């Protein structure tokens, strides 16, 4: 006698039916775990160390023209980390400023003193946002600073692209 076995095809047949409402409970539990972690960790200490490293990298960038490419890559990676950490720890203003640095570094134009000055202004803006504990959605002066930095970066990138095209 031959028996045919029909393997399950649908995911629900393979895993079974879930418990109604379990997804909501798990999401709430995960959110609570994130809040507890954020309460235990002082993001300002983490960001402060990253900003100190950024300042060191910018000093190297200014003094060692031969390694501009490698140093710019390190600055980009550090800012990309700051961007993610800022969002994770409730500092979206830090994320936005770090993203602006990444945008400037993504520009493949010749890096010069203007490039370094823009990054310095952005790093000091992040440092101020950390120092004054600008958590949550930026508003007031923090929002004005971010808007001004966005204008500065857009203007710089537009000029770099125009210079490349010429």
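Values for this structure:
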read-out: Using alpha-carbon coordinates, inclination of helix 22-40 to the longest axis of the chain, degrees; value: 40 degrees
read-out: Alpha-carbon centroid distance for the pair the range 141-166 / the range 46-80, whole angstrom; value: 20 Å
read-out: Cα Rg, Dmax, the chain, angstrom units; value: 23.1, 84
read-out: Tilt relative to the chain, helix 92-106 - C-alpha long axis, 0 to 90 degrees, to 10; value: 70 degrees
read-out: Virtual spin-label span in nm between residue 131 and residue 25, 7 Å along Cα→Cβ; value: 4.9 nm
read-out: Acute angle (nearest 10 degrees) that the helix 68-88 long axis makes with the longest principal axis of the chain, alpha-carbon atoms; value: 50 degrees
read-out: Separation of the residue 67 and residue 34 label points, Cα + 7 Å toward Cβ, nm; value: 3.7 nm
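Here, each number is a calculation from the coordinates, and none is a lab measurement. Because the structure is predicted, anything quoted here is derived from the model rather than measured. In this analysis, Cβ positions are derived from the backbone assuming ideal geometry, glycine residues included, and neighbour counts consider all displayed protein chains.
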